[in-house]
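Novice: I'd like to ask some things about the structure below.
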Amino acid sequence: MRPSDYATIKHKFLHLLHQTAWQKPMAATDLQNLDAHAGELEYLRAAHYLTLHLGTLLELKPLAKALAQMLAELSGVERVLVLVVERDNDMLRYAGGYGLGELRAEQALYPFTERANVIEAWHKGEDVVLQPNQMPIRLADLVGQPCLSIGFFVQDVLQGAAFLVNPADGKLPEAQTRRLLQALVPTVAIAMRNAREHSVMTETLANKMQEHQMLRRIDRDLLDTIELDSVFTMTLDWAMRFTTAQAATLALYDQEADSLYGYVDLGYVLSPEQVQALRADHDGSIAHRVARSGRAEIVPDVSFDAAYIPLSDRMKSHISVPIMREDRVIGVISVESRRLDGFNEDHLEFIQKLASRAGVAIDNAKLYTDTRREREKLSRILSNTADVVMVIGAEGNIGLINQSALSVFHLTPDISYIGLPFEDVFANSDLLKLFQRARKLGGTTVGELTTTDERTFSVNLSHNDSIGWIVVMHDITPLKETDQLKTELVHTVSHDLKQPLSIMNGYVELLLMQEKLDAMGVNWVGMIQKSIHKMRQLIDDILDLARYESGVALETRPTSITSVIAESIAEIAPAAEQKHTRIINEVDSDVPMVDGDGPRLTQVFTNLIGNAVKYSPNESEVHVSAQRKDAMLRITVRDNGFGIAPEDQARIFDRFFRVRRPETREIEGTGLGLAIVKKLVEAHGGEIGVDSHLGEGTAFYITLPLAEAN
Ligand code: ADP
């Protein structure tokens, strides 16, 4: 080494010493000695570069290892242990060493706070010779001989310490070397502090990441789970994992009764019965206190808490966090650790996050359980009801079928019909025909059905976007029987009424043939005749309505509306001719067939066209037209007659309602025609509507379902 090199190294080293917070400058003589001894300069050069190198090490372990090696090389000792102060603790823990061979030093600790005089000496910049018997056993084993200890401080905070020893002969470094070592302390201390801060930072970051990942998994797991028990167990498992605790409990809280229930315990050795007995013996618990107050609690040492229930004598600290839903406490999560002071703010925060997730999951699970219970209730009601109830999904598969349905349709109860196509299960049945018709029409369809065992059901098929088709069938056999009686009665009575009328009519006609009657007599007899006709009309209408109101038994088939209209017009033609009114048939010959009962439809249109002629002045025009509209045919009967006032329009379909206006007063009628028409149209699955303006005319619209092939 050339002299100029020595000068550079010396300069650098002195510069380094001045840069640091070295409080104890070297004596001038020492510095002169440095010049004198090239060997020492060599030594300083090495020390200088090594300290610079230390400053670049950010990780604690590599730093400790490098430091140990450097100290060993600089001091000539065989073994060096570097210990650093544990985070939030009063222990120095082994971080790196040199010359340990196969020895394991990870467990070596030095409780520095218990050695005030050592700390004080270190703080003053003195090294301290420690005897093995002054150390905890593990450290003493590694040291074996009296060792030289140096403490590293940044300002007043101890960062770590180094223990230098020659295990073979216990020889310690010379005073000179020790002084030189002391010169390195401030730089090493700063490097150590940086590395410690770095490790705290990376640890916090790693914890945060771990916490984040845990919460994400928890969210996913809890969302997937609807069984309360597994929600509880999972929550506890996560709480224990994060806090590295040994046991945990989750309990639900009934605020009204002020009691905890539904305990789930994890990590205790006792049997559930033993745990239950222990809890029963105590009036309260920390969890109960937390449930009442709604405030989380960390109990660092359970032996000082009178409310603590020891489910295991090994547990030392406890944390309880309330599970809240909308300002109400619905449960408590408690976690216990074997360590004293085993929980910190991070743990509290995490368990709180866990509790809020558990709250949502408990709600979901409760909701699910409630829904399931409701469903079971509903299904019990459905299976006990006498009505047939079925649900057919949008794809045409059976979604629900109750007990009554099975027995009414003689379906074997051994098979599950859920999911089977409705069309297969009910192939060739009248119910299937009704369903197909309902499907074509949409909305709600009402029909009647007679089963093979002669029972009559009223069938209601309604569509719901989210459910599909709901079929409800109610047994109306008794009603039908009563109705039959009524019909028979009406028939007999009307027959009995009609017969004398016919006789009266016969004699009146005979009377008219008599030439003895004068003009006035002829007029009177004519009036009797008119009244007889009116009465007969009334009896016919009453009979019709009675029949239709008790449910029209339609015989529907593809029917040509063209011929229905033509027939109806032909029937009205004489009356129209009398009034010089033109009936204009605008129905195209190729309009699609409707699904209808021909004679009934003729009755409908005869009535409507008849009214149009009847309620129009002489020489009017009546137009009949038809257009297809989706699955329906819309037929319009329009006149330019007297029209109907808006307030009357709503009532014209009522039985016996007749508009009372001067221009129609003379017109005869029973007020039953439109009531019959409406019943018939609706029985076809169609609708009727009116558009009318007083003095301008009236249009009646009717829709009828198209026949299948259309
Ligand atoms: P009616 O036997 O009286 O004709 P309807 O039930 O057929 O009984 O009709 C009820 C009432 O509706 C009639 O009395 C009449 O006032 C009114 N009405 C029916 N059709 C028409 C029409 N085309 N123009 C004007 N009014 C009508």
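Novice: Not counting ligands, DNA or RNA, and with a 1.4 Å probe, what is Ser416's accessible surface area in Å² rounded to the nearest 10?
Specialist: 80
Novice: Which of the GluC sites (Glu not before Pro) found in the stretch 442-549 are in a DSSP loop and have at most 13 neighbouring Cβ atoms, other than their own, within 10 Å?
Specialist: Loop-located and lightly packed - Glu454, Glu515.
Novice: In Å², what does the accessible area per residue of the chain work out to with a 1.4 Å probe?
Specialist: Accessible area per residue, the chain: 54 Å².
Novice: Another question about this same structure. For the chain, count all C-alpha to C-alpha pairs, find those more than 48 Å apart, and express that count as a whole percent of the total.
Specialist: The answer is 58 percent, as a whole percent.
Novice: Let me check something: with ligands and nucleic acids excluded, how do Leu432, Leu554 order by accessible area (1.4 Å probe), largest to smallest?
Specialist: My answer, sorted largest first, is Leu554, Leu432.
Novice: Moving to a separate point now. Heavy atoms only, probe 1.4 angstrom, no DNA, RNA or ligands counted: give me Met535, Met234, Met214 ranked by accessible area, highest first.
Specialist: The ranking, largest first, comes out as Met535, Met234, Met214.
Novice: Using only Cα atoms, find the angle between the long axis of helix 598-614 and the longest principal axis of the chain, and express it within 0 to 90 degrees, rounded to the nearest 10.
Specialist: Roughly 70 degrees, rounded to the nearest 10.
Novice: Counting only protein heavy atoms and using a 1.4 Å probe, what share of the accessible area of the chain belongs to carbon plus sulfur, as a whole percent?
Specialist: Solvent-exposed carbon and sulfur of the chain make up 52 percent of the total.
Novice: Same structure again: Given the C-alpha atoms of the stretch 590-647, compute the convex hull and give its volume per residue in Å³.
Specialist: 121
Novice: Once fully extended, how much extra length lies between Glu586 and Lys486, figured as 0.36 nm per residue of separation less the alpha-carbon to alpha-carbon distance?
Specialist: Full extension of this stretch gives 31.8 nm more.
Novice: Please list, by residue number, every one of the GluC sites (Glu not before Pro) in the stretch 338-443 that is coil in DSSP and has at most 14 other beta-carbon atoms within 10 Å.
Specialist: Loop-located and lightly packed - Glu395.
Novice: Still on this structure, I have one more. If you put +1 on each Lys and Arg Cβ and -1 on each Asp and Glu Cβ, how big is the dipole of the stretch 403-513 around its Cα centre, in Debye rounded to 20?
Specialist: 320
Novice: Can you list the lysines whose alpha carbon is less than 28 Å from that of Lys534, not counting same-chain residues fewer than 8 positions off?
Specialist: Cross-link targets: Lys486, Lys498, Lys516, Lys579, Lys614, Lys678, Lys679.
Novice: Distance between Cα centroids, the stretch 483-555 to the stretch 76-130: provide it in whole Å.
Specialist: 126
Novice: Right, next: Give me the distance between the Cα centres of the stretch 319-361 and the stretch 190-207, rounded to whole Å.
Specialist: So the separation of the two Cα centres works out to 28 Å.
Novice: Which three numbers, in whole Å and largest first, are the semi-axes of the equivalent ellipsoid of the stretch 82-231 derived from its Cα gyration tensor as √(5λ)?
Specialist: 41, 18, 13
Novice: Right, something else. Run through the stretch 481-522 and list the trypsin sites (Lys or Arg not before Pro) located in a DSSP loop whose Cβ has at most 12 other Cβ atoms within 10 Å.
Specialist: When the trypsin sites (Lys or Arg not before Pro) of the stretch 481-522 are filtered for loop state and at most 12 Cβ neighbours within 10 Å, Lys516 remain.
Novice: Find out how many positive minus negative residues lie around Arg600, taking Lys and Arg as positive, Asp and Glu as negative, among other residues whose Cβ is under 13 Å from that of Arg600.
Specialist: Around Arg600, the surrounding residues sum to -2.
Novice: Then there's this: Report, largest value first, the span of the C-alpha coordinates of the stretch 625-681 along each principal axis, in whole Å.
Specialist: Taking max minus min along each principal axis of the Cα atoms, the stretch 625-681 gives 41, 25, 20 Å.
Novice: Restricting things to alpha carbons, find the Rg to Rh ratio for the stretch 343-468 using the Kirkwood radius for Rh.
Specialist: 1.25
Novice: Also, quick follow-up: Calculate how steeply helix 561-578 sits against the longest principal axis of the alpha-carbon atoms of the chain, using the helix alpha-carbon long axis, and give the answer as 0 to 90 degrees to the nearest 10.
Specialist: 40
Novice: If you don't mind, another one. Can you compute the modelled spin-label distance between Glu102 and Gln529, with each label point 7 Å from Cα toward Cβ, in nm?
Specialist: 14.0
Novice: Okay, moving on. Once every DSSP H run of n ≥ 4 in the chain is given -39500 (n - 2.57) and the sum is divided by its residues, what mean residue ellipticity at 222 nm do you get, rounded to the nearest 500 deg cm²/dmol?
Specialist: So the calculated ellipticity at 222 nm is -16000 deg cm²/dmol.
Novice: With angles folded into 0 to 90 degrees, how steeply does helix 272-281 sit against the dominant principal axis of the chain? Use alpha carbons for both and round to 10.
Specialist: Its long axis makes an angle of about 80 degrees.
Novice: Under 1.5 on a/c is rounded, so check that first for the stretch 232-294, then, if it is not, pick prolate when a/b is larger than b/c and oblate when it is not; a ≥ b ≥ c are the square roots of the alpha carbon gyration tensor eigenvalues.
Specialist: Oblate is the answer for the stretch 232-294, as a/c is 1.5 or above yet b/c matches or exceeds a/b.
Novice: Among the aspartates and glutamates, which fall within straight-line cross-link reach of Lys65, defined as a Cα-Cα distance under 16 Å, with same-chain neighbours fewer than 8 residues apart omitted?
Specialist: Here the aspartates and glutamates satisfying the reach criterion relative to Lys65 are Glu73, Glu78, Glu102, Glu106.
Novice: While we're here: Any chance you could run the full-extension gain for Glu349 through Glu120? It's 0.36 nm times the residue separation minus the Cα-Cα distance, nm to one decimal.
Specialist: Working it through step by step, the gained length comes to 78.6 nm.
The values are calculated or read from the model by the stated rules, or taken from the named source; none is laboratory data. Nothing here was measured: the structure is a model prediction, and the numbers come from that model. FYI the Cβ positions are ideal-geometry reconstructions off the backbone, even for glycines, and counts take in every protein chain you see. Keep in mind that these areas ignore ligands, DNA and RNA; they rest on the heavy atoms of the full protein, side chains included. Shrake-Rupley method; radii C 1.70, N 1.55, O 1.52, S 1.80 Å.
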